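Here's the structure, in structure tokens; my notes come after.
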Amino acid sequence: MNFKSKFIISILITLLQFSCTKSIEPIVEKEQKKVPNWVKNVPNSKHYWYGVGVSNKIENYNYRELAIKNASNEIATQIKVNISSKIESQITQNNYEINDYFNKQIYTQVEQELPGIELLESFDDGTYYYVLSKLSIVKYNSFINDQRQNAIKIAIENIKNSEKFSFQSPQLLIDAFSQISPYMEVPIQVNYPDVETVKKNLFSIIIYKMNEYLNRFQLNLLQGEIDATTRNNKVIKFRVKCIDNLTDEPIQNIPLIGKMEGSEIDFKSITDKNGIAEFFIQKLKSKNSVQRINIKIDEKNIITQKILPSHNIQSQVTQIINVKGPIIFCDISEKNLGKNLNVPCVENTLKEQLVKFYGARFIADENKAHLIIKGQFKTQSKGEPYKYSENSPAMYNAYAELEFNIFDNENIKELYSKTINSNGASYINFEDAGKKGCEKLSEKISKSVFEEIVKALE
């Protein structure tokens, strides 16, 4: 027996529980001295399934009911083996795939009371209580056939309702499959549609239509690539349309989900009567120059279960956002001991960091900038030159200070304000000590102050 057979038999034997029918004649319990032959040798017949149940009288106060249940389970086991072998044959012949959903449906639908079980005899040896039961194979097959026909009727009605294509169509097919899946041990041949003269396998009809429906969903972007800045103050909006690619008609109530590449953030929306879903991005978290948002149909809200693992909606689109750094106007006055620096010190450091983290672009026209940085840097001598000893060189000390502000030029508001100071020392002169103070300030900007700037600009 192959793995597939063992798997199906295991599912059916483990999960199905049966009980006796409600209308059972009471057993006529007779005192028997001789052990009946059926206790050790279960009867075998072409017309009946027989089951022997046993329970320990000492350990179980409800031993009689337990024995009856065990007898029913014996019959059930025979039925399960019979059904599983037939299902195995159908799967092999039709090349169906087995998955958890298929097995779950069999378990859910077939778990029911066995009809028409007859209790024939009982035997009590003082310690153990035995029961012999039987079930007519004809009666059981008639019962199952009635259920199968009702399931077929419901399944066909669901398929008909799915023909008017909408977001509900796949789920209607799933519901149709759930009706017939417990009865797959025999081929279910139907005329569908009614005018069809050649009968077709009902399961195959469902599979074919499911594949067809899932391929009919088509997503289209309603705009091209979007330009934005790393510090975008405007909400980024884009739209996606879902249509039936067979008719080009819009499909309403389709749940869509968008995921930014490299991010765990999801963007969700649902299509309106025109098949259009709108997405809104309040703020870009990433500083990447090209950012992609992959949009697809949220299958979990369309297909509650998959009939086959291959049943997926393939259509998806990608919205590209081209991100450019903010345009910045920077004006920092820098003086060392009252003299303008020929080569800016702290301003260059700020610019380097802004380019590195934001891809910033700098402009000379203040009115056209997104951000404005203004400030002043200055140094001044600190005391007289100091000697540690008479023969040691003189030490020159200078005090350095930077004050600057960052403004949002679009919304006319201050985003950040900071005063930084440092000390510089040199054996050369006060001017060189002032330069050393500027270098220390630049290090502070790179290591700690810029982290504050990043938070302020978020």
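The values are calculated or read from the model by the stated rules, or taken from the named source; none is laboratory data. Being a predicted model, the structure only gives us computed values, none of them experimental. Please note: Cβ atoms are built from the backbone with ideal geometry, for glycine as well, and neighbour counts cover all protein chains shown.
Kindly indicate whether any position in segment 383-390 is within 20 Å of residue 451 (Cα to Cα) and either surrounded by fewer than 17 Cβ atoms within 10 Å (Cβ to Cβ) or among the aromatic types (Phe, Trp, Tyr) (or both). No, segment 383-390 has no match at all. Which residues, taken from segment 359-385, are part of a loop (DSSP other than H, G, I, E, B), of a type in the set (Gly, Ala, Ser) and touching a Ser or Thr at 6+ places or on another chain (Cβ under 9 Å)? Residues satisfying the conditions are 359, 360.
Listed by first and then second residue, the pairs linking a residue in segment 34-54 that is over 16 Å from residue 124 (Cβ atoms) and in contact (Cβ under 8 Å) with a residue 24 or more places away in the chain to a residue that is part of a helix (DSSP H, G or I) and of a type in the set (Lys, Arg), with Cβ atoms under 7 Å apart and 6 or more places separating them unless they lie on different chains, form an empty list.
So how many residues does segment 225-236 have that are surrounded by fewer than 18 Cβ atoms within 10 Å (Cβ to Cβ), assigned to a loop (DSSP other than H, G, I, E, B) and touching a residue at least 40 places away in the same chain (Cβ under 8 Å)? So the answer is 3. Taken over segment 250-262, the residue count meeting the criterion of being free of Cβ contacts under 8 Å to residues at least 40 places away in the same chain, assigned to a loop (DSSP other than H, G, I, E, B) and surrounded by 12 or more Cβ atoms within 10 Å (Cβ to Cβ) is 1.
Taken over segment 402-451, the residue count meeting the criterion of being of a type in the set (Gly, Ala, Ser), outside any helix (DSSP H, G or I) and within 17 Å of residue 375 (Cβ to Cβ) is 2. Of the residues examined, residue 155 is not one that is closer than 26 Å to residue 243 by Cβ and at pLDDT 90 or above. Looking only at residues in segment 391-414 that are surrounded by 15 or more Cβ atoms within 10 Å (Cβ to Cβ) and among the charged types (D, E, K, R), the one that is nearest to the chain's Cα centre (by Cα) is 408. Restricting 214, 202, 172 to residues that are in contact (Cβ under 8 Å) with a residue 40 or more places away in the chain and over 26 Å from residue 80 (Cα atoms) narrows the list to 214. Going by the conditions given, is residue 327 among the aliphatic types (A, V, I, L, M) and under 16 Å from residue 218 (Cα atoms)? Considered against the rule, which asks whether it is among the aliphatic types (A, V, I, L, M) and under 16 Å from residue 218 (Cα atoms), residue 327 comes out as no.
Of all residues in segment 353-370, those that are under 12 Å from residue 325 (Cα atoms) have Cβ atoms under 7 Å from Cβ atoms of residues that are surrounded by fewer than 16 Cβ atoms within 10 Å (Cβ to Cβ) and charged (D, E, K, R), 6 or more apart or on another chain, in 357/287; 358/287; 359/287; 359/324; 370/410. In segment 47-54 there is at least one residue that is over 22 Å from residue 141 (Cα atoms) and modelled with pLDDT of 50 or more. Evaluate segment 129-144: report whether one residue or more is within 30 Å of residue 63 (Cα to Cα), of a type in the set (Phe, Trp, Tyr) and at pLDDT 95 or above. Yes; the residues of segment 129-144 include at least one that is within 30 Å of residue 63 (Cα to Cα), of a type in the set (Phe, Trp, Tyr) and at pLDDT 95 or above.
When 388, 399 are screened for being in a loop (DSSP other than H, G, I, E, B) and aromatic (Phe, Trp, Tyr), only 388 passes.
Take segment 317-358 and flag every residue that is basic (Lys, Arg) and surrounded by 17 or more Cβ atoms within 10 Å (Cβ to Cβ). Hit for segment 317-358 is 351, nothing else.
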